[in-house]
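**Q** Below you will find the structure I want to go over with you.
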Amino acid sequence: MAASRVSELYRTAFVTGASTGLGRAFAEMLLADGVRVWGTSRDPARLAPLAQAYPETFHAVACDLADGPAAAAAFLAAADRAGGFELVVNNAGYGVFAEFAGADFPVWQEQIEVMLVATARLSHAALRAHLARGRGALVNISSLAAEFPLPFQSAYNVVKAGLSALNESLLLETAGTAVIVLDVRPGDYRTDFEGSVLRPQTPPTPRMERAWRAFDRMMRSGPPPAHAAACLRRALLRQRRGTLRIGRFFQAVLAPFLARFGSLDLKRRVQARYFDVG
Ligand SMILES: NC(=O)c1ccc[n+]([C@@H]2O[C@H](COP(=O)([O-])OP(=O)(O)OC[C@H]3O[C@@H](n4cnc5c(N)ncnc54)[C@H](OP(=O)(O)O)[C@@H]3O)[C@@H](O)[C@H]2O)c1
């Protein structure tokens, strides 16, 4: 019989970036379903609302992905206290909006280190434990940007395409095991993401301004994070593995479907029109 609560499948979970946005919604969904959750923030004070709402089952963890080895150590220490994590959700991330050559190279490199390399490091630790235990789930939050790159967010596009490629590799490696790997690709959701995007290039060019306005419009009109959490809950209960595209019908269903039939050049032109940079 199919499970009706996530805690019937996974008793413990580790969720990065649980202070706000999608990560907080994922943590709340899991806690409401009876899962014991260890959630991270760079500043654990930001996790107080979850700790107050779920004093018995929520545990705050300080974790900054800017220091990959320290983040992995925080994960392993929390796993020790939890008796292992049966579900790991790598969600934390941020945006940088600048031309590739318009901002200093270290800004670009840091985003790759923080969001791709550090997330891979946590995935490595999580998968090792899942495989040793013979079961468990690894959920990596990628983005539809892996398929439809965002203008002036080149490192972000590389991170998400790289993360989805890592997930594909792990799906091949875990085939035939009871370990689940889920590559989640959200479209635009109404979170704090846009507010925390770094914009190191000043002044922005007129094309950048137009792309930002389109990005801003899309983010503000996206569904709320609870929608993403409900999609993830359904996928977990169905023990789904593979790719999960979520968000508005146009972004998550129609655009990927149509992109299969058009040329890459057509896709680029539509994308440029969408962001008003054509
Ligand atoms: N919203 C969307 O439309 C959308 C679409 C596709 C994919 N995504 C992906 O979904 C994930 C969550 O995004 P969101 O929209 O929920 O953004 P958000 O509301 O800005 O939340 C981002 C979370 O990541 C954490 N974080 C940021 N930088 C970090 C770092 N260096 N080390 C550790 N934690 C860090 C933040 O924690 P603290 O600030 O408390 O440390 C926060 O909890 C990201 O990976 C994003 O790329 C979002």
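The values are calculated or read from the model by the stated rules, or taken from the named source; none is laboratory data. None of these values were measured; they are calculated from a predicted model. Don't worry about glycine lacking a Cβ; one is built from the backbone with ideal geometry, like all the others, and counts go over all protein chains shown. Note: accessible area is taken over every heavy atom of the protein model, side chains too, but ligands, DNA and RNA are not part of it. Shrake-Rupley method; radii C 1.70, N 1.55, O 1.52, S 1.80 Å.
**Q** How big is Rg to Rh over region 7-274, alpha-carbon atoms, Rh as the Kirkwood inverse-mean-distance radius? Working shown, then result.
**A** Numbers: Rg = 18.1 Å, Rh = 18.9 Å.
We get a ratio of 0.96 for region 7-274.
**Q** Going by Cα centres, region 126-156 and region 204-245 are how many Å apart?
**A** Computed from Cα coordinates, the inter-centre distance equals 15 Å.
**Q** Quick check: Cα centre of region 255-278 to Cα centre of region 57-101, how many Å?
**A** 34 Å
**Q** Express in Å², to the nearest 10, the accessible area of ARG217 obtained by rolling a 1.4 Å probe over the protein heavy atoms while all chains stay in place.
**A** 150 Å²
**Q** Further, regarding this structure: Using protein chains only and a probe of 1.4 angstrom, how many square angstrom of LEU172 are accessible, to the nearest 10?
**A** Result for LEU172: roughly 140 Å² accessible.
**Q** Could you work out the helix-only [θ] at 222 nm for the chain, with each DSSP H run of four or more residues adding -39,500 (n - 2.57) and the total divided by the number of residues, to the nearest 500 deg cm²/dmol?
**A** Working: 11 runs with 125 residues, N = 278.
For the chain, the value works out to -13500 deg cm²/dmol.
**Q** Quick one: pull the percent of accessible area on region 7-274 belonging to carbon and sulfur, 1.4 Å probe, ligands and nucleic acids left out.
**A** Answer for region 7-274 is 56 percent, counting heavy atoms of protein chains only.
**Q** Still on this structure: How many nm separate the modelled label positions at ARG199 and MET1, each set 7 Å beyond the Cα in the direction of the Cβ?
**A** My value for the distance between the label points is 5.4 nm.
**Q** Next up: Could you state the accessible area per residue of the chain in Å², with a 1.4 Å probe and every protein chain left in place? If you can, show how the numbers build up before the last one.
**A** Working: 13090 Å² over 278 residues.
Per residue, the chain has 47 Å² of solvent-accessible surface.
**Q** How large is log10 of I(q)/I(0) for region 27-151 at q = 0.12 Å⁻¹ when the intensity is taken from the Debye formula with one equal scatterer per alpha-carbon?
**A** Debye output, listed in q order: -0.52.
**Q** Further question on the same structure: What accessible area, in Å² to the nearest ten, does a 1.4 Å probe give for TRP212?
**A** In the full protein context, TRP212 sits at about 40 Å².
**Q** Select from ASP216, ASP64, ASP265 the residue whose mean-square fluctuation is largest in a Gaussian network model of the chain (Cα-Cα springs shorter than 10 Å).
**A** Maximum fluctuation in the GNM of the chain, among the listed residues, is at ASP265.
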